[in-house]
Amino acid sequence: MNYKKHSDCLLKLALIAICFAMSQVQAEVVVVVAADSPVTSLSRGLVAKIFLGKSRRFPDGSRAVPLNQSEGSLERDTFYQLVSGKSPSQVKAHWSKLIFTGRGQPPKEAADSDAVKHLLANNGVNIGYIDRGTVDNSVKVVAIK
Amino acid sequence: MIRVKPLATVATIFIASCLASQPTFAFEPASPSFTFNGFGTLGAVYSDEDQADFVSSWVLQPNGAGHTSEWHAGIDTKLGGQVNAQFNEQFSAVLQVVVERQEDNAWTPAIEWANIQYRLNDNFSLRLGRTVVAAFMVSDTRLVGYANPWIRGPQELYQIVPITNLDGLDVIYTLDFGDWRNTLQLSVGQTNQDLISNGELRSRDGFMFSNTLEFDYTTFRLAYLSVNIDLDTPDSNALLSAYGDLGEALAFIPGQEDAAAQASAMSGRYALNDAPIEVYSAGLRLEPGRWLFMAEWARITEANALSKADAWYATLGYRFNAVTPYLSLAEVNGDTPQEPGVTTSGMPPPLATATDALNNGLNQFLSQASHAQKSITLGIRWDFISNAALKLQYQHIELDEKSAGRLANVQSAFEPGNRVNTFSAVIDFVF
């Protein structure tokens, strides 16, 4: 009995640990544009193309300038996994192909979600991704179809 | 950069004449911005064949692992640096210099890319200067190990084209329709390149066409290359001119008229002088989720000493987070010509002996110009930090019974038809 109780307890602890670990790697990331942007929804494929240097336009023809979060950040890794299914090193290998054939440079980087919001407001860039918890009225969440 | 400047002027004039109106962009960078990037590979290769060397390029590497030394660090090791200049939305320039072991065994820097790019609009761009001949799917990043799944592109296919760069004009036209994307590329140009054995390769009238279709995780590519090449080394020149001399000598010997004609024809048949080569290729890359499948097929047409060859490979990989094991099968077929040479019957004995030696030399030369082999490769890539990957690769090569395959520095005691085992370990990085 004692032994069983003990193992139940261990199992619960393990489950809690796993849930905690999962919540850590599953931050909820949303794609955002400036609050006054005409963009409201985008396809997952187009978001991937914009952030992987394969498209420079929104569907209405206006120029899309993406903004990354810093390398190794949870937001960044989650975002690319979500829109392209690519791991951080696959994204880096993809950019290596473009950079070293003179075809492009990766998006500029912002330190965190707040920096993304700030830069979107300043109009140097016009599409980014942030943690859902940091969304405020300075940005608009883009619906991903 | 200096050599690119006159090209920039030409490009400006050419483009100004094409431009009816200046396209407008929402975000103009205020001033030219410069970016520096680099890549490199640190690696070593082991081969168990002691009568020939494993190399990664038969035109650039005079020796390697096996005969020269069991382990060799000069096969994949390299360091590349690149400066990118973005002048405005339309104009940019790139200069990439790579230090790797060259044909004279010296680690001298070579210019891999040096061009100025003009982007007319989202779909159309033009480059003037040096570009890489993208005969196959990853030809243009073949030196950037980090960008590729394996340590090096399968030699069976990637080594059938001796030229790597073209100095000239390159046009890219991209068309997006929905989530599909099609990229058409045309290049024209020429190049000179030093080869092993003090040789030289001159490529003229180079023309390259490729079309790449991308959809979601699928990439399909077709390519065609046509180029006229002069490829000679002092040894091959001496051999072929000796046949010319033999022909002239035999013409004076009664009854040897046929042999004289045979000898005189040999130089014309095998000299690579302005020889037209054509390469056709098709490639498919699939990356659904954690899987990677890549396969390519290519054919090079016969050109004098270079025999016609068909090559293919297929790679399957599966990614477990940071670790990706992969398996490749590859094969290059090619006829190794068995040239009977000049018939010696009725020749005075000393001349017959010399002619036999010449015929042997010719067949050795021809067997070196043909590369039939197949191989199976097992490898693993581990992305152990964010900008570097460790790769380990075992390759088992079966050589054609008449050729030395892709091996170089072939010794006289070498026996064709051998099985060769190689093991490679590298760290690929980018910064």
| message | For segment B:84-117, which positions are more than 18 Å from B:D140 (Cα to Cα) and within 12 Å of chain A (Cβ to nearest Cβ)? | response | B:A85, B:Q86, B:E89, B:S92
| query | Quick one: how many residues across segment A:116-145 are farther than 25 Å from A:G45 by Cβ, in contact (Cβ under 8 Å) with a residue 24 or more places away in the chain, surrounded by 13 or more Cβ atoms within 10 Å (Cβ to Cβ) and among the polar types (S, T, N, Q)? | reply | 2
| Checking A:R44 against (1) modelled with pLDDT of 90 or more; (2) over 18 Å from the mean Cα position of the chain (by Cα); (3) surrounded by fewer than 17 Cβ atoms within 10 Å (Cβ to Cβ); (4) of a type in the set (K, R), which test does it fail? | (2)
| note | Considering residues that are in a loop (DSSP other than H, G, I, E, B) and small (G, A, S), the number found within segment B:228-254 is 1
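Rundown of residues vs (1) touching a helix residue (DSSP H, G or I) at 6+ places or on another chain (Cβ under 8 Å); (2) aromatic (F, W, Y), yes/no style:
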| position | (1), (2) |
| --- | --- |
| B:R127 | no, no |
| B:M137 | no, no |
| B:T141 | yes, no |
| B:G145 | no, no |
| B:F177 | no, yes |
| B:V188 | no, no |
| B:L195 | no, no |
| B:L201 | no, no |
| B:G206 | no, no |
| query | Can we say B:N182 is of a type in the set (S, T, N, Q), touching a Ser or Thr at 6+ places or on another chain (Cβ under 6 Å), surrounded by fewer than 24 Cβ atoms within 10 Å (Cβ to Cβ) and more than 10 Å from chain A (Cβ to nearest Cβ)? | reply | no
| field | Unique match (being on the phi < 0 side of the Ramachandran plot, surrounded by 16 or more Cβ atoms within 10 Å (Cβ to Cβ) and either more than 14 Å from every other protein chain (Cβ to nearest Cβ) or of a type in the set (D, E, K, R) (or both)) among B:L378, B:L351 | value | B:L351
| query | Do we have B:Y224 as touching a residue at least 24 places away in the same chain (Cβ under 8 Å) and assigned to a helix (DSSP H, G or I) here? | reply | no
| Residue count for segment B:88-106, restricted to those that are among the hydrophobic types (A, V, I, L, M, F, W, C) and touching a Ser or Thr at 6+ places or on another chain (Cβ under 9 Å) | 3
| message | I need a count of the residues in segment B:229-275 that are surrounded by 14 or more Cβ atoms within 10 Å (Cβ to Cβ) and within 30 Å of B:V138 (Cα to Cα). | response | 8
| said: Could you tell me how many of the residues in segment B:305-340 are more than 19 Å from the chain's Cα centre (by Cα), away from every other protein chain (no Cβ under 14 Å) and modelled with pLDDT under 90? | reply: 6
| said: For segment A:117-126, check the following and say yes or no: at least one residue is at pLDDT below 95, within 15 Å of the chain's Cα centre (by Cα) and not aliphatic (A, V, I, L, M). | reply: yes
| message | Given the criteria assigned to a strand (DSSP E or B), within 14 Å of another protein chain (Cβ to nearest Cβ), at pLDDT 90 or above and buried (at least 19 other Cβ atoms within 10 Å of the Cβ), does B:D140 qualify? | response | no
| said: What's the total number of residues in segment B:355-371 that are in a helix (DSSP H, G or I), in contact (Cβ under 8 Å) with a residue 24 or more places away in the chain and not aromatic (F, W, Y)? | reply: 8
| query | If B:D122 satisfies every condition in (1) under 26 Å from B:V55 (Cα atoms); (2) in a loop (DSSP other than H, G, I, E, B) but one, which is the exception? | reply | (1)
| said: Every residue in segment A:22-73 that is small (G, A, S) and in a strand (DSSP E or B), please. | reply: A:A34, A:S41
| query | How many residues does segment A:66-76 contain that are at the interface with chain B (Cβ under 10 Å from one of its Cβ atoms) and surrounded by 20 or more Cβ atoms within 10 Å (Cβ to Cβ)? | reply | 0
| Looking at B:A404, is it small (G, A, S) and in a strand (DSSP E or B)? | no
| query | Hey, among A:I50, A:I127, which residue is within 13 Å of chain B (Cβ to nearest Cβ) and in contact with a Ser or Thr (Cβ under 9 Å, 6 or more places away or on another chain)? | reply | A:I127
| query | What do you reckon, is B:Y217 in contact with a helix residue (DSSP H, G or I) (Cβ under 7 Å, 6 or more places away or on another chain), under 25 Å from A:K49 (Cβ atoms) and either in contact (Cβ under 8 Å) with a residue 40 or more places away in the chain or buried (at least 22 other Cβ atoms within 10 Å of the Cβ) (or both)? | reply | no
| query | Among the residues of segment B:310-354, how many are without any contact (Cβ under 8 Å) to a residue 40 or more places away in the chain, in contact with a strand residue (DSSP E or B) (Cβ under 8 Å, 6 or more places away or on another chain) and acidic (D, E)? | reply | 1
| message | For segment B:77-88, check the following and say yes or no: at least one residue is farther than 26 Å from A:R103 by Cβ and either buried (at least 24 other Cβ atoms within 10 Å of the Cβ) or at pLDDT below 95 (or both). | response | no
| field | Unique residue being modelled with pLDDT of 95 or more and over 30 Å from B:A388 (Cβ atoms) when the list is B:G189, B:G199, B:G145, B:G153 | value | B:G189
| note | Filtering segment A:77-118 down to residues that are away from chain B (no Cβ under 11 Å), out of contact with any helix residue (DSSP H, G or I) (no Cβ under 6 Å at 6 or more places or on another chain) and in a helix (DSSP H, G or I) yields A:T78, A:F79, A:L82, A:D114, A:A115, A:V116, A:K117, A:H118
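The values are calculated or read from the model by the stated rules, or taken from the named source; none is laboratory data. All values reported here derive from a predicted model rather than from experimental measurement. Cβ coordinates were reconstructed from backbone atoms using ideal geometry, including for glycine residues, and neighbour counts include every protein chain displayed.
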